[in-house]
């Protein structure tokens, strides 16, 4: 070591100073280490519980397991709504190195226009956390899935994800009965059970899907999984399986429903058929229908506008919301009202000169046949659908007694069990008018109601229900759509009392008259009653859409199609043991006997003769197999 | 029995003496060497787990440690006199390289730290300065009377200040502070007067706002995040939240080797480099943390013993400074990972997966061994 002579070095003092400073350093080192140890003690002992919880929250994620939605079937087990697997494309932005390039490649592979890159880029930023997948495209077709599979190695971070989507086969004919599911909207989120719907994207919006939402949805399960920091699931720590929604078997017979839809042939109208013994709705057709599948993933603005602006209103469920004047179809019920209230007897006759005049009024209320039917009793009044007889009956009965009696058949109120959105119709009375318009009831208005016009409005479902109760000799049945939920049969509540008449034979009198409508020489629907294989009771109706001025004559050729009369027909058969009751309405089709009665006849034939046909076929089938 | 014992004792004594002389002959300190090997072994164990049980990472670290150990062995062979003579040239070279980095350095990780001779070497001059700086200051003071006089202190301030400013401008605030502190330790150990220390302390406090104004945005963010990690839980605060969660969830006994969820599931960032001690804390618990801390303290203790038994000023000051700087690395790293210090890029000595830092550290211990093993027998 070189040492300079000119410096004064006191080695002893130097070593002493160094030793002191070293000791000080040791103290400091121990102090700082103590600080570290204290910090570690704080973290690992004092706060241990907090951090163990936090580390578990980090790695353990609870994922909802949405239940599979219950299926919908017709009464014979034909599938009406199912869940189909569809494939969505998702992206995990964190795992993509070059977003722009990857999306460009994706667009190339799938053959999408270049301009979609920007839209996809926006979608890939939907998620707040970079390791959560964002939905890029939904409902990939099989070709796209194949192309993605082949190019998968070039697309890190892009995944194809399976999802079950509601699908409605034969959607047009069933659309109004089933309704549809759609994406849960902001309004619905507020009222939903968030736990149970955590993994669910769709909810019933209308129809059966809405009515039985809670049962169809089922109960969500959940699974606890361990994930890494990038959100990848490494293993399952525990799980509660979801309870799938219940399958619902409807009372609808798909074949009958389809026949009804085809008979209406795209025209505006509705057919409702009910089994009188049970109240089961066999068919509930509203025409035209629509493609409910469009609503499942979210209908496009253009498609929706198309449906909304269609003058035939395909979204409108005529069977339960269409309110029509029931017209002459209610004459058998009025006859019973007259008998029950002692206003008429079966033998009592009225002379019809072609019109009816209220006492001390000059206005003439015309019979549909201008020259009149002459002398008519109750039976003939129903068979020829004489208006004058019923003007007189209604006048003598008075509106309130008439309304009371009609309520017993379910007119003017909702009596169905599980038909979502059913309208109540209007059964007018003096009280109703006072409440609704603040006006007194005029006797002339009773006459309009007496032939099923005026304020009286009824839905096809109500007409069919009333006809079923009529066919049952007054025994009430509640119309319903669900036959079985899972394996449990549905027993709808009896919402109204059975109707007991003072004289049981009156039912037979009315049935006889209605049978003559089909088969009598004067019957209005005799052309539809030819070659019947069973005893059928029917009643036609023709509802005025356009009110003619007094003494003005109805001339179909001169009126716009939309102002033509609605054709109505109600029927049931066989009379001795009714298997089906039906109401048919064809909007603006003209007279009910010629335009609605043939449809009703075909429906009844199909339903009543079908079982025999099937019985005939059955042995042949078994021989083949 | 008694007879046997007494006849055996001299033999044993002789064998110990011979072994010690062997260690002296190859210029190594067995205590320091043993402690360092235990530390490195423990480090490799933790690294295996922290790397996600990837053996290639462990073998890569093994290679780096091998290079570092060789560097240590080689440096131990030089006499302190040689090191003393090399101090000025090495300092001058390091300073020039820092200027070169300033002019044409390679940008890595947003900071300009590397000097690259393409195809030959990537080199961080600041790493070199970690060792050369205390050597230079000690060499300067070696010839002066101690405690240092004001004139000498001012010269030292210049020797320290110029490279520190250059490193800080790269920008690498952490390293510049560590390099600076290594040199300041020399001054403190040399007996810098308490009055001056107090004055400099005040000056440093006064300079804080100035430092703040000259910080880069990311550096300020780090300080702010340190003060309140929850303010930015997904960004800069993520590291601290995850590392404290890892350590805290380890508890007293730890979750077990390779069973730490925070580290194995990749919630812990930088888990095999700067934040490796969080893996240790999570998997080996408080017991593991205290053991590793104890190991570091034993190394520091041995270093200070060597410093105090050094025979000249240069040896004393260099050995003391290197030892204390080593402790500072440990303290800053564990303090940062456990959330009591802001996040600065300091690896855990000889445990973190880091090449350059390991070489520098073991080179430092090589110098310590040189000082220990080249003592002239006469002075004893």
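Values quoted throughout were computed directly from the atomic coordinates according to the rules given, and no laboratory measurement underlies them. Everything numeric in this text was worked out from a predicted model, so none of it was measured. Cβ placement follows ideal geometry from the backbone for every residue including glycine, while neighbour counts extend to all protein chains displayed.
Rounded if a/c is under 1.5, else prolate if a/b is larger than b/c, else oblate: which is the range B:321-368, with a ≥ b ≥ c the root eigenvalues of its Cα gyration tensor?
Oblate is the answer for the range B:321-368, as a/c is 1.5 or above yet b/c matches or exceeds a/b.
Considering only DSSP beta bridges with both partners in the protein assembly as shown, what is the antiparallel share in %, to the nearest 5?
95
If I model a spin label as a point 7 Å beyond the Cα along the Cα-Cβ vector, how far apart are those points for residue B:217 and residue A:142 in nm?
Taking the simple label geometry, residue B:217 and residue A:142 are separated by 5.3 nm.
Take the Cβ-Cβ distance between residue A:121 and residue A:602 as r, set R0 to 35 Å, and report the resulting FRET efficiency rounded to the nearest 0.05.
With a Förster radius of 35 Å, E is 0.05.
How high is the FRET efficiency from residue A:370 to residue A:76, r the C-beta distance, R0 51 Å, rounded to 0.05?
Taking R0 as 51 Å, the efficiency between residue A:370 and residue A:76 is 0.55.
Assuming a ≥ b ≥ c are the square roots of the Cα gyration tensor eigenvalues, decide whether the range A:415-550 counts as rounded (a/c under 1.5), prolate (otherwise, with a/b larger than b/c) or oblate.
Judged from the Cα gyration tensor, the range A:415-550 comes out oblate (a/c at least 1.5, b/c at or above a/b).
Which value at 222 nm does the protein assembly as shown reach when only helices count, each DSSP H run of 4 or more adding -39,500 (n - 2.57), with the total divided by all residues and rounded to the nearest 500 deg cm²/dmol?
Calculated mean residue ellipticity at 222 nm is -16500 deg cm²/dmol.
Under the classification rounded if a/c is under 1.5, otherwise prolate if a/b is larger than b/c and oblate if not, where does the range A:112-197 fall, given a ≥ b ≥ c as square roots of the Cα gyration tensor eigenvalues?
Oblate is the answer for the range A:112-197, as a/c is 1.5 or above yet b/c matches or exceeds a/b.
Set the Förster radius R0 to 45 Å, insert the Cβ-Cβ distance between residue A:534 and residue A:560 as r into 1/(1 + (r/R0)^6), and round the FRET efficiency to 0.05.
Efficiency, from the Cβ-Cβ distance: 0.70.
For B:357, A:385, A:33, B:21, what's the fewest-to-most ordering of other Cβ within 10 Å of each Cβ?
Fewest-to-most Cβ neighbours within 10 Å comes out as B:21, A:33, B:357, A:385.
So if I average 1/r over every pair of distinct C-alpha atoms in the range B:30-375 and take the inverse, what Kirkwood radius in Å does that give?
20.9
Given labels modelled 7 Å from the Cα in the Cβ direction, how far is it in nm from residue A:237 to residue A:16?
6.5
Checking a compactness column here: for the range A:63-250, what do you get for Rg(Cα) / (2.2 N^0.38 Å), N being the number of residues?
1.17
Using only the alpha carbons of chain A, determine the length spanned along each of the three principal axes and report them from longest to shortest in whole angstroms.
157, 61, 50
At q = 0.14 Å⁻¹, what log₁₀ I(q)/I(0) does the range B:246-346 have when each alpha carbon counts as one equal point scatterer in the Debye sum?
-0.60
Evaluate the Debye formula for the range A:187-287 with equal point scatterers sitting on the alpha carbons, no solvent, and hand back log10 of I(q)/I(0) at q = 0.11, 0.18 Å⁻¹, in q order, two decimals.
-0.58, -0.97
May I ask you to compute the full-extension gain from residue A:301 to residue A:575, defined as 0.36 nm times their residue separation minus their alpha-carbon distance, rounded to one decimal in nm?
The span from residue A:301 to residue A:575 would gain 93.6 nm if fully extended.
Would you calculate the separation in nanometres between label points at residue A:491 and residue A:49, each defined as 7 Å from the Cα along the Cα-to-beta-carbon direction?
5.4
Could you list B:261, B:79 so that the one with the fewest beta carbons within 10 Å of its beta carbon is first and the one with the most is last?
Going from least to most buried by this count: B:79, B:261.
Counting other C-beta atoms within 10 Å, which of A:123, B:271, A:152 has the fewest, and how do the rest follow?
A:152, A:123, B:271
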